[in-house]
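Trainee: Pasting in a structure now, in structure tokens, and then I'll have a few things to ask.
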Amino acid sequence: VATADETRTKLAWDYAPAPESADHVRLRESYGLFIGGEFRDPLDGGRVPSVNPASEQPIAEIAHAGARDLRAAIEAARAAQPGWAALSGLERGKYLFRIARLIQERARELAVVESMDGGKPVRESRDVDVPLAAAHFFHYAGWTDKLSYGVGGRSVEPLGVAAQIVPWNFPLLMAAWKLAPALACGNTAVLKPAETTPLSALLLAEICQEAELPAGVVQIVPGDGATGAALVRSDGIDKVAFTGSTAVGKDIQAALAGRGVSLTLELGGKSANIVFEDAALDQAVEGIVNGIFFNQGHVCCAGSRLLIQESVADTVIAKLWERMGRLRVGDPLDKNTDVGAINSRGQLERIEELVAAGEGEGAVRRTVACELPQRGFWFAPTLFTEVAPAHRIAVEEIFGPVVSVLTFRTQAEAIEKANNSTYGLAAGIWTDKGAKAFEVASALQAGVVWQNTYNHFDPTAAFGGYKESGFGREGGAAGLRPYLRLS
Amino acid sequence: MSRLTVRKTYKLFIGGAFVRSESGRYDRAGDFNVPRASRKDVRDAVLAARKAGAGWGSRTAYNRGQVLYRAAEALESRAADFAVPHGEIEASVDVLVHYAGWTDKLAPVLGGVNPVAAPFLSFSLPEPTGVVGVVAPHEPELLGLVAELAPALAAANTVVAIVSESSPLAGLDLAEVLGVSDVPAGVVNLLSGRRGELARALGGHHDLNAIVDAAGDRELAAEIDRLAAESVTRVRHSRPTTGYEEAVRDALDRLEALTELKTAWHPIGA
């Protein structure tokens, strides 16, 4: 068993810092609840600072919604819904096009705020989160006057008021995934951003104002888990859409029992990334890195179970470990940073607990040696080998920059191991053989399968899970179905 | 000289075999005894359905369509064997014909190529969700069951169904129709017994992918919802289906609820 010291590598490259300027960011000192088209002081909720996880410094004070606030938000959404649904599809679409354009115009500001509030590298916020958020609004803006084409020609009507709860890993992008299809279909929304990352959703509320979106079509009500639990238990909602952990998803499904409220869940994962011996190995290593270290591994579909064919396992692990040593961990606002800050102290503790369990169960840990900032929440990229399928690090979602390696001999064994999970969100396949890729992709129980790529998203491509990774799809025509009643 | 009729012994239909309840219990239905299935029978049936899933799912859509159409033919020819109104038999046959035609239409209607902004062939296709539990209504005892079975099978799922509690004979007789229709063993499993007991066993089964509750009982519906949440089981509640139009009007809802859309990304170029 290798000790941590023996297996640590040292960063040999020196980069000058390349910080993204935050001068153009105009944050307020405090944000109210966005209800009925305006920012309001909470009626019975408190105020909580949102903290930068890279510095532990407060960024702005955020109003949290109390019970009366939630009632007011749902009432505002309910009051606005008939008028919003009565607009022609084209007119509704034009509001969404405006929002898409404003996101593009304010892209740099949104990217910086997203990285400050959540800890993700600004390169990712700038190149992935913000452009994809704009693309989602653009895509669904175009659906508003074509809805029946998306559902096999059936007549459609909106469900009503949608309660939407989004996670902290892609705060703006997940808000876009939720709001764009809901609004396109003529619903109004009450959206609760995550406790640790409310800021980009509040900037999106400003964008709704700037777009002159009718008051009450979108409500943004920050809060913690209890706020979300209260929201889904509220009267006056017709639809719940949740992205987050499987445990909370199950609680929501149970809470809605017998109420006839439509539900879609996008939950956790323990996705298999399968490397076959005939893959282009250097390309595969880049894909493995993107699969697990993108956004610090805070990705529901992260390729956290790396399955490597035995004949190339040593080679791939050596290449991967070498590549991991060149990952740059640190300041999220530095444009050269690959791995930013862990989103919160709570999440850091969860990662540490599972990594300790991995060591305790006998897997071999290697963690990249890199200098981490004194303040803030950090976890260096980590690789586990000698992992058994029953180990907690092979079964449970770690949601951090930690990859567990398992090996296989045959294609059938790879498929069996990949499918041996209560989850079924995503999978990766690395091979240059086309027929094999199609065969394996069709055998995997996962909502998304990527061949020779990973963590690729597009507003036209449906995303969502099998089994305990949830139900319902987001993206494309399939993303309309959860927000429409067909007749 | 008078002749003594040979009475039918009603049995459960599990894994393609006609079996008694492992519990040895029975209920009275008209002139017959019918098995009162147990939680263990539910577990055995789910296991049989799970085992049959891979084979049924890998059949071509064309083949599954022909098997369902064959079931329609068999039901039509045995209409006289069922003690239900003739109109209900006709509607049930027509529902099977309708869904037989869906097997190779699901993919183009629910899926397609995604025009992604990157050099990939990305497409989304519906796949079966897996093992589907069906809770049939008291009545109509045949159509109420067939209207839930047909879409589940058309979407390539395997099924464990609880037949009508108050009138179980037609549901159990359906096993004989399916048994001569090339429906592979285990693809449809039929249980009679106490609906509340069996529906709860199904709802709480952690290896069930979806449950279609057509019982029309609010209290039971809420209980099924709660149990299903333990393993994120998909739930669809449906009112008892009383006519052909009702069974096909919302076909897309019935089918879509029992599929999983898979999106695949394959590279174009190097």
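The numbers here are math on the coordinates, done by the rules we state, and not lab data. All figures in this text were calculated on a predicted structure; none of them were measured in a lab. So basically every Cβ, Gly included, is an ideal-geometry build from the backbone, and we count neighbours across all protein chains shown.
Trainee: Within a Cβ distance under 10 Å of A:GLY236, other residues only, what is the Lys/Arg minus Asp/Glu net charge? Intermediate results must be reported in sequence, preceding the final value.
Mentor: On the way: positive: A:ARG71, A:ARG78; negative: A:GLU75, A:ASP235, A:ASP238.
Charge balance in the 10 Å sphere: -1.
Trainee: How many angstrom lie between the Cα centre of region B:1-57 and the Cα centre of region B:159-200?
Mentor: Comparing the Cα centres of region B:1-57 and region B:159-200, I get a distance of 8 Å.
Trainee: On to the next question. Quick one: work out the % antiparallel among DSSP beta bridges in the protein assembly as shown, nearest 5. Present the calculation step by step, with values, prior to reporting the outcome.
Mentor: Numbers: 40 of 100 bridges.
Roughly 40 percent of the DSSP beta bridges within the protein assembly as shown come out antiparallel.
Trainee: Related question: What per residue convex hull volume, in Å³, comes out for region A:29-125 when only alpha-carbon positions are used?
Mentor: On the way: hull volume 11.3 nm³, N = 97.
Hull volume over Cα atoms, normalised by residue count, gives 116 Å³.
Trainee: So which GluC sites (Glu not before Pro) in region A:347-451 are both in a DSSP loop and have at most 12 other Cβ atoms within 10 Å of their Cβ?
Mentor: Values: sites: A:GLU349, A:GLU352, A:GLU353, A:GLU359, A:GLU361, A:GLU371, A:GLU386, A:GLU396, A:GLU397, A:GLU413, A:GLU416, A:GLU439; in loops: A:GLU361, A:GLU371, A:GLU386, A:GLU396, A:GLU397.
Of the GluC sites (Glu not before Pro), the ones in loops of region A:347-451 whose Cβ has at most 12 other Cβ atoms within 10 Å are A:GLU371.
Trainee: Then there is this: Using modelled backbone amide H atoms (1.01 Å from N, in-plane), which distant-in-sequence or interchain residues come within less than 5 Å of A:THR407's amide H?
Mentor: A:ILE308
Trainee: Under a 10 Å cutoff between Cα atoms, tell me which one of B:LEU172, B:LEU153, B:LEU121 has the largest fluctuation in the Gaussian network model of chain B.
Mentor: Highest fluctuation of the listed residues: B:LEU121.
Trainee: When the helices in chain A are scored as -39500 (n - 2.57) per DSSP H run of 4 or longer and the sum is shared across all residues, what 222 nm value do you end up with, to the nearest 500 deg cm²/dmol? Kindly include the intermediate steps, with their values, before the conclusion.
Mentor: Working: 15 runs with 176 residues, N = 487.
It comes out at -11000 deg cm²/dmol, rounded to the nearest 500.
Trainee: Here's something else I'd like to know. Evaluate E = 1/(1 + (r/R0)^6) for A:GLU352 and B:ASP182, where r is the Cβ-Cβ distance and R0 equals 41 Å; express this FRET efficiency to the nearest 0.05.
Mentor: 0.15
Trainee: For A:ILE351, A:ILE220, what's the fewest-to-most ordering of other Cβ within 10 Å of each Cβ? Before the final figure, lay out each step's value.
Mentor: Values: A:ILE351 21, A:ILE220 28.
Least to most surrounded, the residues fall as A:ILE351, A:ILE220.
Trainee: Within a Cβ distance under 15 Å of A:GLY360, other residues only, what is the Lys/Arg minus Asp/Glu net charge?
Mentor: Values: positive: A:ARG365, A:ARG392; negative: A:GLU352, A:GLU353, A:GLU359, A:GLU361, A:GLU386, A:GLU396.
Overall, the nearby charge balance is -4.
Trainee: Between A:GLU371 and A:LEU87, what length comes free when the chain is fully extended (0.36 nm per residue of separation minus the Cα-Cα distance, one decimal in nm)?
Mentor: Numbers: separation 284, 0.36 × 284 = 102.24 nm, distance 5.58 nm.
Gain on extension, A:GLU371 to A:LEU87, equals 96.7 nm.
Trainee: Anything over 20 Å Cα to Cα? Flag those among A:LYS94/B:LYS262; A:LYS192/A:LYS250; A:LYS319/A:LYS433; A:LYS146/B:LYS262, in the order listed. Please list the in-between numbers first.
Mentor: On the way: A:LYS94/B:LYS262 31 Å; A:LYS192/A:LYS250 18 Å; A:LYS319/A:LYS433 22 Å; A:LYS146/B:LYS262 23 Å.
From the list (A:LYS94/B:LYS262; A:LYS192/A:LYS250; A:LYS319/A:LYS433; A:LYS146/B:LYS262), the Cα-Cα distance tops 20 Å for A:LYS94/B:LYS262; A:LYS319/A:LYS433; A:LYS146/B:LYS262.
Trainee: Can you tell me the dipole magnitude for region B:91-183 around its Cα centre, using point charges on the Cβ only (Lys, Arg +1; Asp, Glu -1), in Debye to the nearest 20?
Mentor: Values: 1 positive and 10 negative charges, 93 e Å.
I would put it at about 440 debye.
Trainee: Please work out whether region A:52-201 counts as rounded, prolate or oblate from its C-alpha gyration tensor, where a ≥ b ≥ c are the square roots of the eigenvalues and a/c under 1.5 means rounded, while otherwise a/b larger than b/c means prolate and anything else oblate? Write out the running numbers ahead of the final one.
Mentor: Working: a/c = 2.57, a/b = 1.46, b/c = 1.77.
Cα axes put region A:52-201 in the oblate bin.
Trainee: For the protein assembly as shown, what does the convex hull of the Cα positions come to per residue, in cubic angstrom? Working shown, then result.
Mentor: Numbers: hull volume 116.7 nm³, N = 757.
Per residue, the Cα convex hull of the protein assembly as shown comes to 154 Å³.
Trainee: Can you tell me, using C-alpha contacts under 8 Å and at least 6 residues apart, the relative contact order of chain B as a whole percent?
Mentor: On the way: 561 pairs, mean separation 68.8, N = 270.
It comes to 25 percent, rounded to a whole number.
Trainee: Most exposed first by the Cβ proxy, i.e. fewest other Cβ within 10 Å, how do A:LYS335, A:LYS120, B:LYS262 rank? Mind showing how you got there, number by number?
Mentor: Values: A:LYS335 14, A:LYS120 31, B:LYS262 25.
Fewest-to-most ranking of A:LYS335, A:LYS120, B:LYS262: A:LYS335, B:LYS262, A:LYS120.
Trainee: Residues with beta-carbon under 14 Å from that of A:GLN374, excluding A:GLN374: net charge, scoring Lys, Arg +1 and Asp, Glu -1?
Mentor: Values: positive: A:ARG375; negative: A:GLU56, A:ASP331, A:GLU371.
Within the 14 Å Cβ shell, the charges total -2.
Trainee: Using only alpha-carbon positions, what ratio does the radius of gyration of region A:306-396 give when scaled by 2.2 N^0.38 Å? Spell out each step's value before the answer.
Mentor: Details: Rg = 14.4 Å, N = 91, 2.2 N^0.38 = 12.2 Å.
Taking N as the residue count of region A:306-396, the ratio is 1.18.
Trainee: Per residue of B:109-121, count partner chain C-beta atoms within 10 Å of its C-beta, then hand back the mean as an integer.
Mentor: Average per residue, whole number: 5.
Trainee: Under 1.5 on a/c is rounded, so check that first for region B:1-117, then, if it is not, pick prolate when a/b is larger than b/c and oblate when it is not; a ≥ b ≥ c are the square roots of the alpha carbon gyration tensor eigenvalues. Could the numbers behind the result be given before it?
Mentor: Values: a/c = 2.99, a/b = 1.60, b/c = 1.88.
Note, shape of region B:1-117 comes out oblate.
Trainee: Rounded to the nearest 0.05, what FRET efficiency do A:ASN419 and A:HIS24 give with R0 = 41 Å and r taken as the Cβ-Cβ distance? Could you check? Write out the running numbers ahead of the final one.
Mentor: Details: r = 48 Å, r/R0 = 1.16.
Efficiency, rounded to the nearest 0.05: 0.30.
Trainee: Then there is this: Provide, in order from the shortest bin, the percent of all Cα-Cα pairs of region A:432-487 in each 5 Å bin, continuing until the bin that contains the maximum pair distance.
Mentor: Result returned by the calculation: 4, 16, 20, 24, 18, 10, 5, 2, 1, 0.
Trainee: Follow-up. Using Cβ counts within 10 Å as a stand-in for footprinting exposure, how do A:LYS270, A:LYS239, A:LYS417 rank, fewest first? Each step should come with its number before you reach the end.
Mentor: Details: A:LYS270 26, A:LYS239 22, A:LYS417 18.
With the fewest neighbours first, A:LYS270, A:LYS239, A:LYS417 line up as A:LYS417, A:LYS239, A:LYS270.
Trainee: Could you work out the helix-only [θ] at 222 nm for chain B, with each DSSP H run of four or more residues adding -39,500 (n - 2.57) and the total divided by the number of residues, to the nearest 500 deg cm²/dmol? Show your work: numbers first, answer last.
Mentor: On the way: 10 runs with 112 residues, N = 270.
Counting only the DSSP helices, I get -12500 deg cm²/dmol.
Trainee: Still on this structure, please answer the following. Can you pull the mean other chain C-beta count within 10 Å for peptide A:247-257? List each step's numbers first, then the result.
Mentor: Details: counts 0, 0, 2, 5, 1, 1, 10, 6, 3, 4, 10.
Partner-chain Cβ atoms within 10 Å, mean over residues of A:247-257: 4.
Trainee: Then there is this: About the Cα centre of the protein assembly as shown, how large is the charge dipole given +1 on each Lys and Arg Cβ and -1 on each Asp and Glu Cβ? Please answer in debye to the nearest 20. Write down the numbers at each step before the final one.
Mentor: On the way: 76 positive and 92 negative charges, 204 e Å.
The calculation lands at about 980 debye.
Trainee: Also: What shape does chain B have by the C-alpha gyration tensor, where a ≥ b ≥ c are the square roots of the eigenvalues, rounded means a/c under 1.5, and otherwise prolate means a/b greater than b/c and oblate the rest? Please list the in-between numbers first.
Mentor: Values: a/c = 1.99, a/b = 1.60, b/c = 1.24.
It is prolate, given that a/c is not under 1.5 and a/b is the larger ratio.
Trainee: Assuming R0 = 60 Å, what is the FRET efficiency of A:SER245 and B:ALA83, from their Cβ-Cβ distance, to the nearest 0.05?
Mentor: Details: r = 51 Å, r/R0 = 0.86.
With R0 = 60 Å, the Cβ-Cβ based efficiency is 0.70.
Trainee: Continuing with this model, one more query. Just need the relative contact order of region B:62-199 here, percent rounded to a whole number, with Cα pairs under 8 Å and 6+ apart. Can you show the working numbers first?
Mentor: On the way: 220 pairs, mean separation 37.0, N = 138.
The value is 27 percent.
Trainee: Need one number for region A:113-246: average projected area of the convex hull over its C-alpha atoms, nm².
Mentor: Numbers: hull surface 34.9 nm².
In nm², the orientation-averaged hull projection of region A:113-246 is 8.7.
Trainee: To continue, here is another question. For region A:220-303, what is the charge dipole size about the Cα centre, in debye to the nearest 20, if Lys and Arg each add +1 at the Cβ and Asp and Glu each add -1 at the Cβ? Working shown, then result.
Mentor: On the way: 5 positive and 9 negative charges, 104 e Å.
Around 500 debye, computed over region A:220-303.
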